[in-house]
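The values are calculated or read from the model by the stated rules, or taken from the named source; none is laboratory data. Quick caveat, the model's predicted, so the values are computed rather than measured. We place every Cβ from the backbone using ideal geometry, glycine too, and count neighbours over all the protein chains shown.
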Amino acid sequence: MSQMDIRIRELEASLDAHRLLLASVSTRAEEARGQLLRIGHELGGEEFTNYLASLGDPENISADKIATQIMIMIQAKLPFQNVEAVKDQIKELRKLFTDMKRLLDVQTKRASSAETSVLDLRRQVETLENNLANERRKNKDLAAKIPPPAEPTPPVDHSEWFSEWSQHKSFERNKWLILLLGEYGLSRLTEIKAKLIQGSDIKPRTVYTDIKACVLAGLIERRKGVSDLGRPTAIILLTEKGKWTYSRLTGRKPVPSEYLELIKAHKTNRHTNLILSVADHFQRVGFTVDREPRTIQVPGGHIFQPDLIIQKETETFYLEVETGEQIERASLAQKWQNAMVAGGGRICIAVPRPGVMTTLQSHVQDWGTERGKKPRLYLTNLEWLRNCKPGDSPWARIR
């Protein structure tokens, strides 16, 4: 049963109750008026009957007029000592009638109001039912026009190709590239190259040859990277065929690409590549870096998602990486509040260039002044980080 139906039921029940009360009050009022008429006829006889006839329709004669005429007759015909007793009786009957009439008026208004509400709601229900019927008809027409869903495309089986590829002389070298991407989720060429040649006799030139061969075989996809400083590194991703090959080699699903996971959280290539570059530099100077998007609950029902979490010994920094492309006071205000709360009073920011760092420092300080807050600022930029050596402070400015 809908809320509208329940409301109508309630109003109908209330209306019935008011009508019962109305009937009861009307009966009591008529009884009081009848007693006045009976007293009048007993005391005045024909004189009282003629008086009522002179006033027209008896049903329209007010109780006050009836009571007044009875008092006149009482005063003219009864001894003085009995007049006061009858007066009191007439006074009580008049009061009873007046009270009943007032209650009757109140209940009549309530009943009328409830009946009006029921009629209005019934009209609303009728309108809603008509709208619902129209929408159902439209949906039915649309559903008839939508073609049935296509059968899901079965996964491609590359077994025949795999048998041929595994016999190729470059198979072992190419295989290690696929295994590396699937095992660690690496995506940047510089990092992949460093990992491949680490502790092996593989030459850098060979890495580029293997990447080219895997691209031609459809195992990997190479994308152009974005960088704020220097030459951007390429992005290397497993294709669907590459993922199938990794599963065939290991019996496991490949780890999701680090780059694609970060893109989901940070939306743009520029921001994602900047985050990865900043992470590399912090690692190089001796920090432990968590690149995975993390969600931190802060008081007030807000959520803070730092771009990087960096640690060294007992210190933890929640780092915001900003490109400087959009510095909007309104949109960043809650971010600074969340960062300060999560960081225990510290706000940590990394940017591409010193000029952007100065602009953001001014912005955060203005934000703090407006709200009576004084965060401790830890600021850095890529130019500063590139010149840092292990053991150096990665912070270009602390305020």
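Computed quantities for the displayed model
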quantity	calculated
Any hit, region 354-377, residues being in a strand (DSSP E or B) and either of a type outside the set (Gly, Ala, Ser) or under 32 Å from the mean Cα position of the chain (by Cα) (or both)	yes
Exclusive hit being assigned by TED's automatic domain parsing to the domain that holds TRP176 and in contact with a Ser or Thr (Cβ under 7 Å, 6 or more places away or on another chain), set ALA213, ALA234, ALA217	ALA213
Test: residue in region 386-393 that is under 18 Å from TYR318 (Cα atoms) and either outside the structural domain of GLY300 (by TED's automatic domain parsing) or without any contact (Cβ under 8 Å) to a residue 60 or more places away in the chain (or both)	yes
Residue that is at pLDDT below 85 and either touching a His at 6+ places or on another chain (Cβ under 8 Å) or within 29 Å of ARG291 (Cα to Cα) (or both), where the choices are LYS145, LYS203, LYS138	LYS203
Number of the exception - ALA350 against (1) farther than 21 Å from PHE287 by Cα; (2) not in a loop (DSSP other than H, G, I, E, B)	(1)
Strands (runs of 3 or more DSSP E) fully within region 238-315 counting 2 or more residues that are of a type outside the set (Asp, Glu), modelled with pLDDT of 90 or more and surrounded by 14 or more Cβ atoms within 10 Å (Cβ to Cβ)	308-312
